[in-house]
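Q: Below is the structure I would like to discuss, written out as structure tokens.
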Amino acid sequence: MKTEGLTARLNSAGLLRTQGLIGGKWTDAYDGKTIQVLNPATGEVVADVPCMGGKETNDAISSAHDAFYSWSNLTCTERSKHLRTWYNLLISHKEELGQLITLEQGKPLKEAIGEVNYGASFIEFFAEEAKRVYGDIIPATLGDRRLLVLKQPVGVVGAITPWNFPLAMITRKVGPALACGCTVVIKPSELTPLTALAAAELALQAGIPPGVLNVVMGNAPDIGNALLASSQVRKITFTGSTAVGKKLMEGAAGTVKRVSLELGGNAPCIIFDDADLDVAVKGSLAAKFRNSGQTCVCANRLIVQEGIYDKFAEAFSKAVQNLQVGDGFSEGVVQGPLINESAVQKVESFVQDAISKGAKVLLGGKRHSLGMTFYEPTVIGDVKSEMILSREEVFGPVAPLMRFKTEEEAISIANNTNAGLAAYIFTNNIQRSWRVTEALEYGLVGVNEGLISTEVAPFGGVKQSGIGREGSKYGMDEYLELKYVCLGDMNRK
Ligand code: SIN
């Protein structure tokens, strides 16, 4: 279907919101400036949205601050019900939300609807967790005292989210924030703001009060600086590049804000000689080519033991060849376009660097004949540690294969990076799976499985891949302060 027809349908469903949300009011940029949102598969303009900056952000922060007292004083059951209603609305609009994601982000519609289910699952999970913010009673060391620990919401949260999961990276932050009693100012990526705005519309329909959830977008540095400078914003949560994460961490120091950072990865996917070949091919295919390779947990290096290397390379390349590339709205497509031209140029430069240093293209290796930002699903053999492909995140549909001899060597290659988000191993040896899992310096490890993200498990990295965890019961801690209370003179009758 053409972009125009889809936007008309989404508009009539009330889900094509093209203004920011401040204090419950749909708002243009104060100076009237706008930016275009493009369909990466066709280059067509999907919509114009406001190009907001510091002033709008400060107003959004004030609204979130004003709403904080009443929202945080609702009972946990009331907050839980609001979140549950929001979840129901997200699910009942999953088709339209999926279409919006495909329109502005490009991923295939089936995968986009999968993201809606995944994204909504965080709201459902945290609707339930809202009722489990337990404190503690500590045995006192003095007889006339009683010691307690209260958990309280941190306050206003600035949530800065990326384009690769236009819905799920918002809900994974906003779900626990709202469950704990925090209010939020969301800054979605300028490339994919429409899904965020539709989700915000559904939050309003769910009865989440004005000001609890605000959305501003446009001039990213101005918005970021306003969030960092405000002493009313008590926490920044961010998913995106390591470079930007470091700047946010530095900026947050000015007001000593808390930060949660989900940053870049360089995921190793280790295939041992004793792996089941079919399981390894299926798992590494999923870990590499999800979202056309544009996730922080995508396998970035397939590290394959020498005894299985040739067999794996052949079977894997065959499977990659079958991946259908095209517009995410076309039937059967499993690989959409990359997000924009600079993403393709980055992939091209990484591949050229590897070829110039002796790597071999086993499949693909160039732009797709569809043009635009489509790139051929690619497999590159004989990749070495000095090549950029193995050192930095390619964030595209390119699978570099590296060879190793021993388990120790595999662990050393895998850990030889500043990143530490996700890692995958394929082996049928149970002792090895445990040993290697313990030795990997990563926040998430998949054993004989390439798709491991779920709302019930903690997601986050070590080393320069970030700070904090999202999802699961641990995700709540990021939005809570501990308050120690000492009751004295407790022996008086
Ligand atoms: C990401 O790429 O940042 C998130 C991926 C996921 O949630 O699985």
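The values are calculated or read from the model by the stated rules, or taken from the named source; none is laboratory data. Note that the structure is a prediction, hence the values are computed from the model and not measured. Positions of Cβ are generated from backbone atoms using ideal geometry, with glycine treated the same way; all protein chains shown enter the neighbour counts. Only protein heavy atoms, including side chains, enter the accessible area calculation; ligands, DNA and RNA are left aside. Shrake-Rupley method; radii C 1.70, N 1.55, O 1.52, S 1.80 Å.
Q: Of VAL334, VAL347, which has the most accessible area with a 1.4 Å probe, and how do the rest follow in descending order? Don't skip to the end; give the middle numbers.
A: Details: VAL334 65, VAL347 0 Å².
The ranking, largest first, comes out as VAL334, VAL347.
Q: Can you tell which of LEU191, ALA275, GLY265 lies farthest toward the positive end of the dipole of the range 177-311, using +1 and -1 charges on the Cβ of basic and acidic side chains (Lys, Arg; Asp, Glu)?
A: Farthest along the dipole direction, towards plus: LEU191.
Q: Return the tail of the calculated pair distribution for the range 180-310, meaning the percent of Cα-Cα pairs more than 21 Å apart.
A: Considering the range 180-310, 58 percent of its Cα-Cα pairs are separated by more than 21 Å.
Q: Taking R0 as 51 Å, what FRET efficiency do you get between ASN428 and GLN205 from their Cβ-Cβ distance, rounded to the nearest 0.05?
A: Efficiency at R0 = 51 Å is approximately 0.55.
Q: Could you run the Karplus curve 6.51 cos²θ - 1.76 cosθ + 1.60 with θ = phi - 60° over the range 465-475 and give me ³J(HN,Hα) per residue in whole Hz, x for Gly and Pro?
A: 8, x, 9, x, 10, 10, x, 6, 5, 5, x
Q: Just how large is the dipole of the chain about the Cα centre, in debye to the nearest 20, putting +1 at every Lys and Arg Cβ and -1 at every Asp and Glu Cβ?
A: The dipole magnitude comes to about 1120 debye.
Q: Kindly state, to the nearest 0.05, the FRET efficiency for ALA220 paired with ASN416, given R0 = 41 Å and r defined as their beta-carbon distance.
A: Details: r = 32 Å, r/R0 = 0.79.
It comes to 0.80.
Q: Once label points are set 7 Å from the Cα along Cα→Cβ at both GLN321 and SER231, what is their separation, rounded to one decimal in nm?
A: For GLN321 paired with SER231, the spin-label model returns 6.6 nm.
Q: Accessible area per residue of the range 232-385 at 1.4 Å probe, in Å²?
A: Working: 5940 Å² over 154 residues.
Here the residues of the range 232-385 average 39 Å² of exposed surface.
Q: For the range 309-453, how many pairs of lysine residues have a Cα-Cα distance under 21 Å, where the two are 8 or more positions apart or belong to different chains?
A: 15
Q: Using only the alpha-carbon atoms of the range 142-223, report the extent along each of the three principal axes, biggest first, to the nearest angstrom.
A: 60, 30, 21
Q: Between helix 3-12 and the chain, what is the angle of the helix's C-alpha long axis to the longest principal axis, kept within 0 to 90° and rounded to the nearest 10?
A: With rounding to tens, the tilt is 20 degrees.
Q: For the range 160-166, just list the computed ³J(HN,Hα) in residue order, Karplus coefficients 6.51, -1.76 and 1.60, θ = phi - 60°, integers in Hz, with x standing in for Gly and Pro.
A: 10, 10, x, 8, 6, 10, x
Q: Output the relative contact order of the chain, whole-number percent, from Cα pairs under 8 angstrom with separation of 6+ residues.
A: For the chain, the relative contact order is 18 percent.
Q: Percent antiparallel among DSSP beta bridges with both residues in the chain, to the nearest 5?
A: Values: 27 of 66 bridges.
Of the beta bridges lying entirely in the chain, close to 40 percent run antiparallel.
Q: Using modelled amide H (1.01 Å from N, peptide plane; none on Pro or chain starts), what sits under 5 Å from the amide H of ALA29, excluding residues fewer than 5 places away?
A: Close amide H contacts, sequence-distant or interchain: CYS51.
Q: If I fit a long axis through the Cα atoms of helix 242-252 and take the longest principal axis of the Cα atoms of the chain, what angle between them do I get, 0 to 90°, rounded to 10?
A: 20
Q: Another question, if that's okay. Placing +1 on the Cβ of each Lys and Arg and -1 on the Cβ of each Asp and Glu in the chain, which of SER369, TYR30, LEU323 has its Cα farthest towards the positive end of the resulting dipole?
A: Ranked along the dipole, the leading option is TYR30.
Q: Angle, helix 76-92 long axis vs. longest principal axis of the chain, Cα atoms, 0 to 90°, nearest 10?
A: With both axes taken from Cα atoms, the answer is about 40 degrees.
Q: For the chain, which whole-number percentage of the solvent-accessible area (1.4 Å probe, protein heavy atoms only) is attributable to carbon and sulfur atoms?
A: It is 52 percent, rounded to a whole number.
Q: Quick one: Cα centre-to-centre distance for the range 235-258 and the range 397-465, in angstrom?
A: 26
Q: List the residues, sorted by chain then number, that are 5 or more residues from GLU481 or on another chain and whose placed amide H is less than 5 Å from its amide H.
A: Excluding prolines and chain starts, which carry no amide H, the hits are GLN152, VAL154.
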